[in-house]
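Inspection log for the structure reproduced underneath, given as structure tokens.
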Amino acid sequence: MFKALTTTALMIISAVLAAMFLAAGCGGGSGAALGPAPQAQQSPQPDATLITAGWGATTGFNVGGGAGSVEPGALVVLLDDAANTTSAIAGPDGSFVLVPDALTFNLAPGTQLTMTQTADGMTQSAPITIVVPPM
């Protein structure tokens with residue numbers, strides 16, 4: 001009987017301690033019921049009106065965005081139809097320059113490239129289309 005009483009007493013004490021532990025917020029949470037994790041907000045699309053694409057005399061093909069074209073510090077990614085990518089981090093004013101590798105990128109005039117941005121703490125934006133102009 002002593003053994004049965006001891007086992008029962010230990011089970012009760014354990015249950016009480018566990019309830020106190022969780023109520024005090026020591027279980028890794030606030031003691032409140034946990035809901036689904038908040039969803040990250042999608043980055044806004046780059047502002048296509050502030051972005052130019054062209055051929056530089058020394059840089060070759062490049063895509064540049066003026067101040068405010070993307071979020072400051074955003075990761076800006078350019079993608080061609082063969083899934084080649086190049087990227088840059090936007091400056092504090094939201095400007096950037098991308099110079100894709102002419103040996104790997106499809107830079108034939110008329111080729112449609114896609115560009116996105118991913119701002120800090122957000123998910124990737126919807127893409128915009130950049131058309132490679134004639135040389």
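Every number in this text was worked out from the coordinates using simple rules, so none of it is lab data. Note that this is a predicted model, so its numbers are computed, not measured. Positions of Cβ are generated from backbone atoms using ideal geometry, with glycine treated the same way; all protein chains shown enter the neighbour counts.
Take every pair of alpha-carbon atoms less than 8 Å apart whose residues are at least six positions apart; their mean separation over the length of region 48-131 yields a relative contact order of 28 percent.
The Cβ shell under 13 Å around THR104 holds other residues with a net charge of -3, Lys and Arg each +1, Asp and Glu each -1.
For PHE61, what is the net charge nearby, where nearby means another residue's Cβ is under 13 Å from its Cβ and Lys, Arg count +1, Asp, Glu -1? Before the final figure, lay out each step's value.
Working: positive: none; negative: ASP80, ASP101.
Neighbourhood net charge equals -2.
Peptide packing for 119-128, 69-78 was compared via the average number of neighbouring C-beta atoms within 10 Å per residue; ordered from the highest value, the list is 69-78, 119-128.
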